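One structure is given here, and the rest of the page talks about it.
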Amino acid sequence: MIAFIEDRHALGVADMDATHREFVDLAAALMAADDARFPAIGEHVNEHQRVLGELMAFGRGVQAGRLKFARAYVQQSLPEWFDLHLSTMDAALAAHLKRSAATAA
């Protein structure tokens, strides 16, 4: 089992240390996860990865000095995606998690 050990893993940069702690927490959650999964998890994960891929592509453009398209994406497309994703996929996942928590209690 992976564990974050302060004197071994902490680098003294708050953002990096927080990211590494989150990574360890996620790995622990995966190990403890119930085998019963949210039925649409594949589509949900794919949607997140698609948007992250778009953001990485725009990030490469920004690094090359091309800000116009990245700005337009963040101002127009990203808010529309977020609203739709939250009201559909995230809402369905939240309902599933609430039902699972109620069943476990």
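Among the residues here, residue 30 does not qualify as modelled with pLDDT of 95 or more and either open to solvent by 100 Å² or more (accessible area, probe 1.4 Å) or at positive phi (or both). Under the condition of being open to solvent by 60 Å² or more (accessible area, probe 1.4 Å) and within 21 Å of residue 45 (Cβ to Cβ), the residues counted in region 66-88 number 7.
Mind checking which residues of region 17-63 are of a type in the set (Phe, Trp, Tyr) and either within 17 Å of residue 81 (Cα to Cα) or more than 14 Å from the chain's Cα centre (by Cα) (or both)? Within region 17-63, 38, 58 qualify. Only one of the listed residues (38, 58, 69, 23) is among the aromatic types (Phe, Trp, Tyr), closer than 30 Å to residue 4 by Cβ and in a helix (DSSP H, G or I). That residue is 23.
Checking each residue in region 1-20 for being open to solvent by less than 60 Å² (accessible area, probe 1.4 Å) and in a loop (DSSP other than H, G, I, E, B) picks out 3, 4, 10.
The values are calculated or read from the model by the stated rules, or taken from the named source; none is laboratory data. Quick caveat: nothing in here was measured; it's all calculated off a predicted structure. Don't worry about glycine lacking a Cβ; one is built from the backbone with ideal geometry, like all the others, and counts go over all protein chains shown. These accessible areas exclude ligands, DNA and RNA; they are computed on the full protein's heavy atoms, side chains included. Shrake-Rupley method; radii C 1.70, N 1.55, O 1.52, S 1.80 Å.
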